[in-house]
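The values are calculated or read from the model by the stated rules, or taken from the named source; none is laboratory data. Here the structure is a predicted model, which is why all the values come from computation and not from measurement. Glycine gets a Cβ as well: all are built from the backbone with ideal geometry, and neighbour counts include every protein chain shown. Just so you know, the surface numbers come from the protein's heavy atoms only, side chains and all, with ligands and any DNA or RNA stripped out. Shrake-Rupley method; radii C 1.70, N 1.55, O 1.52, S 1.80 Å.
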Amino acid sequence: KGPPPLLETTEVCLWSQVVIEELEITRRTTMRVGDEDEESIVENCVPNVFLKIRSLLGCRDSYLQDIVHPLQEAPPWHNQNRSWMTESGRFILQAITPSEAAFLVSIAEKYCAHLEGTKFSVLDKYVGLYSMGRTLLKGYSHIAVVMNEFPHVGKLRMDYLYSLSGTNPSLFTTRTGAQYQVLSEGNFVEEQQLMMIGASDYVNFYGGLKKDAGFLKDVHSIDYTMILGIRKLIDSEHPDGEAVNKEPTSLGNEPEGFHGWRINEEPVVYHMSITNFLQVTSSTPVAWYERLWAASSPVTAYNEAFMQFLDDRLLSISGSDALKWESSVALSRRKMERRQESHGVNTLAMVAACELEDEEGATYEDILRWRALVDVLEVGSSALGMWRELVPEVVESSLIKLVDVYKADMRRRPLPPYSGPEDRIQKPKGVALTRIDKMLTSVRKVRAIQHLGGNLCSTSSRQYSLALAIAVGVEAATLSSAKISARSHAVFENYRNLRRRPAAVHAKRRFYLPEAGCWLSPPHMLPDLHFVEYAPEIFADIRASMGLKDSDYIDCVCPRDFYFIEFMTNSKSGEFFFFTHDKKCMVKTISMKEARALQLLIKNGYVEHLEDNRGSLLTRIMGLYQVQLPWFNRGTAQCFIVQENLLYSVGPDIAFRFDLKGSTRGRTAKAGDSVKKDNDWVGEGHSFGFSTETQENVRRQHKRDCEFLAACGVIDYSLFVVGCKSSPDKISGLASRVTMLREVPDVKMSVKVLWDRVRTARRSSLMRAADNKALAHLNVHGPHASSDELNFHLGIIDYLIPWNWQKRCEFFWRVIRFEWKGSSVHPPWGYATRQVKFLNLYWGAGEDAFWPQEGDVFTSWPMFIYFSLGLLFVIILVSLIAALQ
């Protein structure tokens, strides 16, 4: 006849009460219920065990009397969709699945023995389990009876409720003000809550908690949580220091709980119960994880994360003095923990775990699952979608369940110690060492007085400390990313569509670098160093297209034995920059909005634009990072980029330098400035004077770059022009060395020669080049010979300023004052059009050459709209002034 239909909520309650009453009164294990048309076989599961548990808890005689009374809605700390509470509030009837029921039956004997031997157990007390003989709700066919451990009637009500597991401190619940609202783990951490319990109660509670955790680990339970209830005392009196011992729960009174205090020294009573421990590990990803990390399986990792979270938030208070002391230090302790948790998984720990796994022999499927898990950790659960579409047979949707356990496991995993040669442990020297020592001394003093604010020391000391942090962080990030890339090589070779997946663009790889060092990072001088690498795969491809190996990149950016650095500051933005020791690269701090603009460029095809064989005048950005130091920028994170130095291959005989934007307002250099601007270029009568072929190539490259930047919505970039008086012999010498590289590719060339001539070329294009003439056009930055015996070096710089509301308001103000034509601030397409037209006058091809006439539309319509808004604003302002008068 098929299964009977599902019951309504009221019918479920009545059916459950009837079945339980019949089974308990008749003392039967199984019986038939219903008529001939709809008959069900119900069962009292392991009745002898649960009868013994009821005797231990003192509720054997009154159990059935409470069950048969009318049921009411369950409290929110139980699943209200499938739980109901008795009228007395002593028991909860909870619908569970067949698998949960089978698990409870399998551990019933151990569970009973555990409760018998653990006087202060905080596990949910299951006192009955019944099979209803039919599906009550969707997927649920059993009823489990649980004792209620929380006060719920009269004056004894919970003031705060939290659900704690130790695996998801970033999960928050929005407060609604509803009574008995259960808040999440993130709320508990954010509110800096602690469980400060009297000494006697602490011994009882913690002893029972450890035994409970050991029991759950032995039976392979997972996904359980602790419901923590906090109740303010009704009576103003509270025992000072020692608290009243908690006796086993008695049904004659409300549960007593454990007496203690909150972090503000307010006396409270804590009520705890570990719920939902009927889950076991069975899915394929969980089995895969357990096989790879046998010493730290999901069960063990979850159990350790659960206990560590509670250990860190449990305090034993032996008196009023101890209470005041613990309250005073709790805030600083929680702040440090929150800062570490906010940085997510330490990539160094993840790489260490991978090396251990490879030694034990990881399969290709293991590496594929691991690579998908890395994307989820770096981007979020949305990154799993593309993996599931391409390899659904290996990457299952249930893999997302392992993320929290994996995070907890990685946070506790110790890093291998540093075992490299002593000569790798480099320290700053001279002025740099003095400045950094001064900074660290100031930080220690500030920490000693528990105050952070103001200028701790000179600006140069902060800059030197940041330079050392950059060297340490870039080295560790580059080495770690190289290991991850090498391990993922086979995966991306088989699934090439994954190379440019969205997760590669949005990836954030986090590092916590210990001061004592580790196997990938020698010891350093900086405490609490946090580092983030953005889009590591993308920037690794850019460096590879420039012919720059990871080892060369580290040698360039990461030496720590510097003794002096010349820091330069952009007076307009306040950011500073400096060149590396070999002058190949420039390190520049940027704002967060500029970092987001760079991520948008990458999303819109920045790498493909640079690698196009037509060339690009854009300066290559080789890395985007973020560093956080407690003494820099008031402890907030600072973003910075590493980009190529356009002046590296320029000789010492520089004739002039110009920064050209195409605007006229404020574009005149001050006396003594080394870099001149647009009005100076026009006034001095400069021009490029390139040959016809060079002129055409450079003009097309500049127009193409401006189109790309306008499409990405950035402005305020400029063409950096350097003119030098190099002899023709020097240029031909450089060309001949590049020819040797093409004809004999196995010859070992110096890094300087590679950097001079190959940095902006695609390696494939270089190998396909037929002669020196073609090779000369690949290096778009120059040198380009002119008719007046000058050689020009060109590059577009500072292209990370977004067209945001701040710039829109500034432009709107310029329109009102009729200054928009010559102003540097302009909408993206108008800015690009103006710069192209300005430079076309000096390339030598006329104003509109190689630029579509439709480009004027991008200028005229925004101008009309902004002018109309400006005129309307002036009219409204004049009207208001007239009305006030």
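Do we have Tyr180 as among the hydroxyl-bearing types (Ser, Thr, Tyr) and touching a helix residue (DSSP H, G or I) at 6+ places or on another chain (Cβ under 9 Å) here? It is false that Tyr180 is among the hydroxyl-bearing types (Ser, Thr, Tyr) and touching a helix residue (DSSP H, G or I) at 6+ places or on another chain (Cβ under 9 Å). Only one entry in Ala301, Ala322 is farther than 26 Å from Gly186 by Cβ, open to solvent by less than 70 Å² (accessible area, probe 1.4 Å), in a helix (DSSP H, G or I) and at pLDDT below 80, namely Ala322.
Inspect all residues belonging to the stretch 581-590 and state whether any of them is modelled with pLDDT under 90 and touching a Cys at 6+ places or on another chain (Cβ under 7 Å). Yes, the stretch 581-590 contains at least one residue that is modelled with pLDDT under 90 and touching a Cys at 6+ places or on another chain (Cβ under 7 Å). From the list Glu87, Glu39, Glu100, Glu43, exactly one residue is open to solvent by 30 Å² or more (accessible area, probe 1.4 Å), among the acidic types (Asp, Glu) and touching a residue at least 60 places away in the same chain (Cβ under 8 Å). Which is it? The conditions single out Glu43.
If you take the residues in the stretch 633-658 that are within 37 Å of the chain's Cα centre (by Cα) and in a strand (DSSP E or B), which one is farthest from Asp550 (Cα to Cα)? Going through the qualifying residues, I end up with Gln638.
Counting only helices (runs of 4 or more DSSP H) that sit wholly inside the stretch 348-421, those with at least 1 residues that are within 20 Å of the chain's Cα centre (by Cα) and under 23 Å from Asn494 (Cα atoms) are 364-378, 384-390.
Table: residues versus (1) within 16 Å of Ile274 (Cα to Cα); (2) modelled with pLDDT of 85 or more; (3) buried (at least 17 other Cβ atoms within 10 Å of the Cβ).
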{"position": "Met196", "(1), (2), (3)": "no, no, yes"}
{"position": "Leu209", "(1), (2), (3)": "yes, yes, yes"}
{"position": "Ala213", "(1), (2), (3)": "yes, yes, yes"}
{"position": "Asp218", "(1), (2), (3)": "yes, yes, no"}
{"position": "Leu233", "(1), (2), (3)": "no, no, no"}
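Exactly one residue out of Val698, Val642 is modelled with pLDDT of 85 or more, more than 30 Å from Asp555 (Cα to Cα) and open to solvent by less than 10 Å² (accessible area, probe 1.4 Å), and it is Val698. At least 3 residues being more than 26 Å from Leu415 (Cα to Cα) is the threshold, and among the helices (runs of 4 or more DSSP H) wholly inside the stretch 476-594 those reaching it are 489-494, 502-506, 536-545. Within the stretch 90-110, the set of residues being part of a helix (DSSP H, G or I) and not β-branched (Val, Ile, Thr) comprises Pro98, Ser99, Glu100, Ala101, Ala102, Phe103, Leu104, Ser106, Ala108, Glu109, Lys110. Quick check, is Pro522 closer than 24 Å to Val376 by Cα and surrounded by 16 or more Cβ atoms within 10 Å (Cβ to Cβ)? Taking the combined requirement at face value, the residue does not satisfy it.
Scanning the stretch 114-148 for residues that are at pLDDT 80 or above and in a loop (DSSP other than H, G, I, E, B) yields a total of 10. Could you please find all residues in the stretch 103-126 being surrounded by 19 or more Cβ atoms within 10 Å (Cβ to Cβ) and not hydroxyl-bearing (Ser, Thr, Tyr)? Selection gives Phe103, Leu104, Ile107, Ala108, Cys112, His114, Leu115, Phe120, Val122, Leu123, Asp124, Lys125. Summed over the stretch 493-513, the residues that are in contact (Cβ under 8 Å) with a residue 40 or more places away in the chain and either within 17 Å of the chain's Cα centre (by Cα) or crowded, with 18+ Cβ neighbours inside 10 Å (or both) give a count of 13. The number of residues in the stretch 592-610 that are among the acidic types (Asp, Glu) and under 18 Å from Val532 (Cα atoms) comes to 1. For the stretch 520-529, state whether one or more residues are more than 21 Å from Tyr648 (Cα to Cα) and of a type in the set (Gly, Ala, Ser). Checking the stretch 520-529: at least one residue is more than 21 Å from Tyr648 (Cα to Cα) and of a type in the set (Gly, Ala, Ser).
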